[in-house]
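Worksheet: one structure, shown below.
The values are calculated or read from the model by the stated rules, or taken from the named source; none is laboratory data. Since the structure is predicted, the reported quantities are computational estimates derived from the model, not experimental observations. Cβ: placed from backbone, ideal geometry, glycine included. Neighbour counts: every protein chain shown. Surface areas here come from the heavy atoms of the whole protein model, side chains and all, with no ligands, DNA or RNA. Shrake-Rupley method; radii C 1.70, N 1.55, O 1.52, S 1.80 Å.
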Amino acid sequence: MRRKVPAMSDRIEQEITIKAPLDRVWQLVSEPGWWVPSTITEPADHTPGHQVVRESEKWGRFPVEVVRVDPKNYAAFRWASQAPGAELTPGNATLVEFHVAPAAGNDTDAVRVKVVESGFAALDAPESVREQAWKDNTGGWEMELGSLRERAEAA
């Protein structure tokens, strides 16, 4: 019998404030799979169900599927971080959501980005694999949000 991952381990939630125009931050965040360094690039297609492949020598091959995009506000994607090279299936993918909004306060060129990744408990994998995916991605999102801020603020 498969044990369920504790509820607090099923979801990752992180937030960052970026001092850059909303349009610039949105352009970066809405690119499917932007968080996976890739040698393959193609124009962003936000059609629900559309898949892109992000691939790098270091991390492997990751299909990323567009779930929903609400311009300048919300973008959701599915990917299988714990299964490099695998095609997306209901049992191997997590949902990655980005919430984008102007930051509170007086700075008109500051944007708040929140990432929520969920679905680790439903992965069709041993508990140790699910837990490791959650741990890896918790640290990974901290790094990727920092990289997002550097890219957005440098432009």
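Residue by residue, here is whether (1) closer than 26 Å to ALA154 by Cα; (2) modelled with pLDDT of 95 or more; (3) of a type outside the set (A, V, I, L, M) holds:
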position	(1), (2), (3)
ILE12	no, yes, no
ILE18	yes, yes, no
VAL25	yes, yes, no
PRO37	yes, no, yes
Residue among GLU144, GLU131 that is within 28 Å of ASP23 (Cβ to Cβ), touching a residue at least 24 places away in the same chain (Cβ under 8 Å) and surrounded by 14 or more Cβ atoms within 10 Å (Cβ to Cβ): GLU144
Residue match in segment 53-67 (condition: open to solvent by less than 50 Å² (accessible area, probe 1.4 Å), under 16 Å from the mean Cα position of the chain (by Cα), among the aromatic types (Phe, Trp, Tyr) and more than 18 Å from GLU87 (Cα to Cα)): no
Positions within segment 29-52 being open to solvent by less than 10 Å² (accessible area, probe 1.4 Å) and either at positive phi or assigned to a helix (DSSP H, G or I) (or both), in sequence order: VAL29, GLY33
Pairs where the first residue, in segment 101-123, is part of a loop (DSSP other than H, G, I, E, B) and the second is loosely packed, with under 15 Cβ neighbours inside 10 Å and of a type in the set (Lys, Arg), C-beta under 9 Å, 6+ apart: ALA103/LYS19; ASP107/LYS19; ASP109/LYS19; ALA110/LYS19
